[in-house]
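See structure below.
The values are calculated or read from the model by the stated rules, or taken from the named source; none is laboratory data. Computed from a predicted structure; not experimentally measured. Neighbour counts are summed over all protein chains in view; Cβ atoms, including those assigned to glycine, are modelled from backbone coordinates with ideal geometry.
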Amino acid sequence: MNVLHFVNAFFSDSAHWHGYDGIPARLLEHVQYTLLALGLAAAVGLPAGLLTGHTGRGGNAVAFVATAARALPSFGLLVLIAVAVGIGLLPVMIPLVVLAVPPILVTTYEAVRSVDPSPVDAARGLGMHERGILFRVELPVALPLILSGLRSAAIQVVSTATIAAYVSLGGLGRYIIDGLYQRDFEKVVGGATLVALMALVTLAVFWAAGRLAVSPGVRRR
Amino acid sequence: MDSVTKRYPDGTVAVDRLSLEIPDRSITVLVGPSGCGKTTTLRMINRMVEPSEGTILLDGEDLQQQPVTTLRRSMGYVIQNAGLFQHRTILDNIATVPRMIGWGKQKSRERAAELMARVGLDASLAKRYPYQLSGGQQQRVGVARALAADPPVLLMDEPFSAVDPVVRKGLQDELLRIQDELGKTIVFVTHDIDEAIKLGTMVAVMRTGGRLAQFAPPAELLSAPADDFVEDFLGADRGIRRLSFFSSAALETTTGPVVRADATAEQLAAADGAPHLLVTDADDRPLGWAEPGDLAAGDLAGARLLSHGRPFVPGADSLRAALDCAVLSPTGWAVAVDGEGRVTGVVSQQTIGEAIRSAHGAAGPAETRAEEPADGTKVAP
Ligand SMILES: Nc1ncnc2c1ncn2[C@@H]1O[C@H](COP(=O)(O)OP(=O)(O)O)[C@@H](O)[C@H]1O
Ligand SMILES: [Mg+2]
């Protein structure tokens with residue numbers, strides 16, 4: 001009995017492809033948690049990173065927020081908040097967002113800071129407004145780095161979203177937790193494989209986004 | 001600029017009570033050693049830096065009167081490393097300001113294409129990105145971008161400092177040509193005195209501490225430096241360089257030692273007495289110098305010829321160019337040609353020396369006034 005056998009057994013069992021506990025349903029749930037958490041984290045991290053990066057002010061605050069947030073254990077936070085507010089989506093989203101904000105915030109800040117100052121100077125000298133400078137001069141050049149921050153955040157959220165199952169929610173974590181509880185290793189391995197596959201898909205999505213959104217002049221090819 | 005001072009927050013006085021009247025429609029060069037406040041002065045004109053004291057007037061109106069972006073859009077801005085937007089194509093880089101002030105996409109691009117031609121960029125580069133261009137080409141794009149919305153004023157901060165000397169000379173010539181066509185009010189910053197003398201209608205020499213040392217047309221700078229600092233800054237060969245401002249038109253050339261390759265014995269005899277003879281072909285183009293004794297009538301081109309060196313064009317070239325030809329010539333004589341390269345005569349170092357003396361005499365002890373606008377008589381150095 002090896003891992004491959006479990007994988008094979010899990011995916012070939014037609015019962016795993018239907019119903020509320022079927023692979024499509026769990027996958028969809030997992031994607032939803034991930035997108036929601038990532039969207040919330042980006043809504044916080046991107047504007048804050050762009051603004052601090054552009055003005056050069058608040059660098060220390062960014063570093064502090066990042067370090068503090070990284071020090072918080074996701075699972076501990078989940079349990080703590082579940083105890084405080086009860087079971088539901090909120091105790092899942094908070095640790096996921098806390099997990100995803102630092103890579104987005106810090107890389108965005110760094111990305112904008114590291115843009116070559118001379119085009120920025122030229123744009124300003126030609127009479128471009130500050131908002132135009134940020135969005136039309138700095139952002140397009142900083143984009144590859146910003147995307148890489150979003151990508152690490154996304155990968156971490158994809159793997160960590162399994163904790164949703166601890167508070168009775170769905171997602172791929174269901175297979176892992178239920179499998180462990182039921183001593184059904186086929187399910188555990190199947191769930192873990194799906195999480196890994198989703199991480200790979202995430203990488204592919206970001207690669208494609210980079211190809212589409214980043215100018216060839218910045219990619220240099 | 002009226003008694004303008006800039007003190008940075010750290011206490012550095014970058015510009016100290018600078019008063020300067022920058023003439024319209026000509027090139028004013030700010031020159032001086034590194035750190036003397038040239039960039040600060042330039043950036044106060046488009047309010048990238050605000051003066052601590054003093055006022056700057058543009059056509060009699062205080063710069064503070066209009067919104068800063070409106071002001072900047074009326075002034076082109078070119079910086080040392082071009083500062084191109086690497087995510088935009090060359091065409092879109094140039095179209096930046098027209099797009100910003102609300103021209104349509106189509107119109108902006110047409111205008112950008114027009115400017116590419118004006119600054120000497122091939123149309124095939126339009127769709128490229130900045131990283132695919134050489135430094136010199138990038139700098140041309142920077143100039144085109146600054147000119148795109150046809151601003152009356154152009155501010156340039158060491159725009160050609162980062163390119164090699166050959167490319168730099170090309171860019172300088174191009175700038176002079178564009179200026180002939182467009183007649184902008186250009187303020188040009190450089191630390192290179194030769195560039196200042198070549199480009200400037202007026203040159204402001206600044207000294208460390210942000211003070212004005214002298215403000216004068218280049219010829220006057222060379223003939224009458226205001227003090228030791230300016231003289232030092234001009235360098236040791238300012239006498240020679242000053243010759244760039246004297247025309248070679250008045251040089252008396254002689255056709256005595258010039259013979260055609262198919263000259264007859266009589267013609268050769270007529271030229272006798274000259275230490276060297278310049279042999280030309282049937283179209284009067286120079287072939288080279290020969291010793292009279294080496295020549296046999298009929299086919300002079302077969303004789304052993306010394307190189308005739310680079311010729312000069314009287315009138316179009318300066319006395320400096322003529323002297324240079326004579327110094328480089330193996331015989332000490334410079335060859336004068338017309339626009340088509342046909343020999344019009346030769347001139348000795350001695351004759352050139354006399355012309356130099358009389359030119360200096362005519363220019364007089366150059367206590368000429370700095371307010372005097374430079375005339376357009378500058379000839380190619
Ligand atoms: N933002 C700034 N803050 C403090 N000092 C500055 C600043 N910019 C320039 N300086 C100082 O002001 C002086 C003039 O600088 P600058 O105008 O750049 O000179 P230049 O262009 O002639 O080399 C220098 O001593 C420089 O160190
Ligand atoms: Mg400078």
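Looking at segment A:148-205 only, could you name the residues that are in contact with a Gly (Cβ under 8 Å, 6 or more places away or on another chain), among the hydroxyl-bearing types (Ser, Thr, Tyr) and at pLDDT 90 or above?
Hits for segment A:148-205 are A:Thr162, A:Tyr175.
Would you check if A:Pro140 is in contact with a His (Cβ under 6 Å, 6 or more places away or on another chain), at pLDDT 95 or above and within 8 Å of another protein chain (Cβ to nearest Cβ)?
On the way: in contact with a His (Cβ under 6 Å, 6 or more places away or on another chain): yes; at pLDDT 95 or above: yes; within 8 Å of another protein chain (Cβ to nearest Cβ): yes.
Yes, satisfied.
Which numbered condition in (1) surrounded by 14 or more Cβ atoms within 10 Å (Cβ to Cβ); (2) in a loop (DSSP other than H, G, I, E, B); (3) out of contact with any helix residue (DSSP H, G or I) (no Cβ under 9 Å at 6 or more places or on another chain); (4) modelled with pLDDT of 85 or more is the only one that B:Asp283 fails?
Evaluating B:Asp283 over (1) surrounded by 14 or more Cβ atoms within 10 Å (Cβ to Cβ); (2) in a loop (DSSP other than H, G, I, E, B); (3) out of contact with any helix residue (DSSP H, G or I) (no Cβ under 9 Å at 6 or more places or on another chain); (4) modelled with pLDDT of 85 or more leaves (1) as the failure.
Just to be sure, is B:Leu176 surrounded by fewer than 17 Cβ atoms within 10 Å (Cβ to Cβ) and at pLDDT 95 or above?
Values: surrounded by fewer than 17 Cβ atoms within 10 Å (Cβ to Cβ): yes; at pLDDT 95 or above: yes.
Judged against the criteria, B:Leu176 is a match.
Quick one: what pairs do we get from segment A:186-202, first residue part of a helix (DSSP H, G or I), second among the acidic types (Asp, Glu), C-beta under 7 Å, 6+ apart or different chains?
A:Lys187/A:Asp178
So in segment A:113-132, with the set limited to residues that are part of a loop (DSSP other than H, G, I, E, B) and more than 7 Å from chain B (Cβ to nearest Cβ), which one is surrounded by the fewest Cβ atoms within 10 Å (Cβ to Cβ)?
Just the residues of segment A:113-132 that are part of a loop (DSSP other than H, G, I, E, B), to begin with: A:114-116, A:126-129.
Then drop every residue that is not more than 7 Å from chain B (Cβ to nearest Cβ), which leaves A:114-116.
Working: A:Ser114: 13, A:Val115: 21, A:Asp116: 15.
The qualifying residue surrounded by the fewest Cβ atoms within 10 Å (Cβ to Cβ) is A:Ser114.
Can you find a residue that is modelled with pLDDT of 95 or more, of a type outside the set (S, T, N, Q) and more than 16 Å from ligand 2 (Cβ to nearest atom) anywhere in segment B:28-43?
Checked against the condition, which is being modelled with pLDDT of 95 or more, of a type outside the set (S, T, N, Q) and more than 16 Å from ligand 2 (Cβ to nearest atom), segment B:28-43 yields no hits at all.
Output the residues belonging to segment B:204-229 that are on the phi > 0 side of the Ramachandran plot and buried (at least 24 other Cβ atoms within 10 Å of the Cβ).
In the first step, residues of segment B:204-229 are kept if they are on the phi > 0 side of the Ramachandran plot; the result is B:209-210.
Result: B:Gly210, single match.
Checking the structure you have, find out if any residue of segment B:102-115 is within 14 Å of chain A (Cβ to nearest Cβ), modelled with pLDDT under 95, closer than 30 Å to A:Leu212 by Cα and surrounded by fewer than 17 Cβ atoms within 10 Å (Cβ to Cβ).
Scanning segment B:102-115 turns up at least one residue that is within 14 Å of chain A (Cβ to nearest Cβ), modelled with pLDDT under 95, closer than 30 Å to A:Leu212 by Cα and surrounded by fewer than 17 Cβ atoms within 10 Å (Cβ to Cβ).
Would you call B:Ser19 away from ligand 1 (no atom under 14 Å from the Cβ) and within 23 Å of the chain's Cα centre (by Cα)?
Values: away from ligand 1 (no atom under 14 Å from the Cβ): yes; within 23 Å of the chain's Cα centre (by Cα): no.
So B:Ser19 fails the test.
Does B:Thr12 meet the test of being within 12 Å of ligand 2 (Cβ to nearest atom) and among the polar types (S, T, N, Q)? I'd like the intermediate steps shown before the answer.
Details: within 12 Å of ligand 2 (Cβ to nearest atom): no; among the polar types (S, T, N, Q): yes.
The answer is no for B:Thr12.
Kindly evaluate A:Gly149 against the criterion of being buried (at least 19 other Cβ atoms within 10 Å of the Cβ), at positive phi and of a type outside the set (D, E, K, R).
On the way: buried (at least 19 other Cβ atoms within 10 Å of the Cβ): yes; at positive phi: no; of a type outside the set (D, E, K, R): yes.
For A:Gly149, the condition - buried (at least 19 other Cβ atoms within 10 Å of the Cβ), at positive phi and of a type outside the set (D, E, K, R) - is not met.
Being within 23 Å of B:Asn46 (Cβ to Cβ), within 16 Å of ligand 2 (Cβ to nearest atom) and not hydroxyl-bearing (Ser, Thr, Tyr): is that true of B:Gly102 here?
On the way: within 23 Å of B:Asn46 (Cβ to Cβ): yes; within 16 Å of ligand 2 (Cβ to nearest atom): no; not hydroxyl-bearing (Ser, Thr, Tyr): yes.
So B:Gly102 does not fit the description; no.
Can you tell me which residue is farthest from ligand 1 (Cβ to nearest atom) among those in segment B:25-56 that are among the β-branched types (Val, Ile, Thr) and under 24 Å from B:Gly183 (Cβ atoms)? Lay out the reasoning, then the answer.
The initial filter retains those residues of segment B:25-56 that are among the β-branched types (Val, Ile, Thr), namely B:27-29, B:31, B:39-41, B:45, B:49, B:55-56.
Those still in the list that are under 24 Å from B:Gly183 (Cβ atoms) too: B:27-29, B:31, B:41, B:45, B:56.
Numbers: B:Ile27: 18, B:Thr28: 15, B:Val29: 13, B:Val31: 9, B:Thr41: 7, B:Ile45: 12, B:Ile56: 15 Å.
Filtering first and then ranking leaves B:Ile27.
Taking segment A:75-112 as the region of interest, how many residues are hydrophobic (A, V, I, L, M, F, W, C), part of a loop (DSSP other than H, G, I, E, B) and over 22 Å from the mean Cα position of the chain (by Cα)?
Pass one, segment A:75-112, residues hydrophobic (A, V, I, L, M, F, W, C): A:75, A:77-85, A:87, A:89-90, A:92-94, A:96-101, A:104-106, A:111-112.
Keeping just the survivors that are part of a loop (DSSP other than H, G, I, E, B) gives A:87, A:89.
So of that shortlist, the ones also over 22 Å from the mean Cα position of the chain (by Cα) come out as A:87.
Residues flagged as hydrophobic (A, V, I, L, M, F, W, C), part of a loop (DSSP other than H, G, I, E, B) and over 22 Å from the mean Cα position of the chain (by Cα) within segment A:75-112 amount to 1.
Quick check on this structure: which one of A:Gly49, A:Gly45, A:Gly53, A:Gly59 is free of Cβ contacts under 8 Å to residues at least 60 places away in the same chain, surrounded by 13 or more Cβ atoms within 10 Å (Cβ to Cβ) and touching a helix residue (DSSP H, G or I) at 6+ places or on another chain (Cβ under 8 Å)? If you could, list the steps in order and put the result at the bottom.
Numbers: A:Gly49 fails: free of Cβ contacts under 8 Å to residues at least 60 places away in the same chain; A:Gly45 fails: free of Cβ contacts under 8 Å to residues at least 60 places away in the same chain; A:Gly53 fails: free of Cβ contacts under 8 Å to residues at least 60 places away in the same chain.
Answer to the check: A:Gly59.
Suppose we filter segment A:173-190 for residues that are surrounded by fewer than 19 Cβ atoms within 10 Å (Cβ to Cβ), of a type in the set (D, E, K, R) and on the phi < 0 side of the Ramachandran plot; how many remain?
Looking only at that region, the number is 2.
Just one of the numbered conditions (1) more than 20 Å from B:Ile101 (Cβ to Cβ); (2) in contact with a Ser or Thr (Cβ under 9 Å, 6 or more places away or on another chain) is not true of B:Leu58; which one?
(1)
Residue by residue, here is whether (1) more than 16 Å from ligand 2 (Cβ to nearest atom); (2) more than 12 Å from chain A (Cβ to nearest Cβ); (3) of a type in the set (S, T, N, Q) holds:
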{"site": "B:Leu125", "(1), (2), (3)": "yes, yes, no"}
{"site": "B:Pro152", "(1), (2), (3)": "yes, yes, no"}
{"site": "B:Asp157", "(1), (2), (3)": "no, no, no"}
{"site": "B:Phe160", "(1), (2), (3)": "no, yes, no"}
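Taking only pairs six or more apart or across chains, which ones have beta-carbon atoms under 7 Å, a first residue in segment B:12-26 that is small (Gly, Ala, Ser), and a second residue that is surrounded by fewer than 19 Cβ atoms within 10 Å (Cβ to Cβ) and outside any loop (DSSP other than H, G, I, E, B)?
Once the first residue is small (Gly, Ala, Ser) and sits in segment B:12-26, its partners that are surrounded by fewer than 19 Cβ atoms within 10 Å (Cβ to Cβ) and outside any loop (DSSP other than H, G, I, E, B) give B:Ser19/B:Asp2; B:Ser19/B:Ser3.
So, in segment B:70-101, exactly how many residues are among the charged types (D, E, K, R), within 8 Å of chain A (Cβ to nearest Cβ) and over 15 Å from A:Asp121 (Cβ atoms)? Give the derivation first.
The initial filter retains those residues of segment B:70-101 that are among the charged types (D, E, K, R), namely B:72-73, B:88, B:92, B:99.
Going one step further and asking which of them are within 8 Å of chain A (Cβ to nearest Cβ), we end up with B:72-73, B:88.
After this cut, where a residue has to be over 15 Å from A:Asp121 (Cβ atoms) as well, the list is B:73, B:88.
Number of matching residues: 2.
Select from segment A:113-160 the residues that are under 22 Å from the mean Cα position of the chain (by Cα) and of a type in the set (S, T, N, Q) and list them in ascending order.
Of everything in segment A:113-160, those that are under 22 Å from the mean Cα position of the chain (by Cα) and of a type in the set (S, T, N, Q) turn out to be A:Ser148, A:Ser152, A:Gln156, A:Ser159, A:Thr160.
If we keep just the residues of segment B:44-66 that are on the phi > 0 side of the Ramachandran plot and of a type outside the set (Gly, Ala, Ser), which is farthest from ligand 2 (Cβ to nearest atom)?
From segment B:44-66, those on the phi > 0 side of the Ramachandran plot are B:47, B:54, B:59-60; that's our starting set.
Keeping just the survivors that are of a type outside the set (Gly, Ala, Ser) gives B:47, B:59.
Details: B:Arg47: 17, B:Asp59: 26 Å.
Looking at the filtered set, the residue picked out is B:Asp59.
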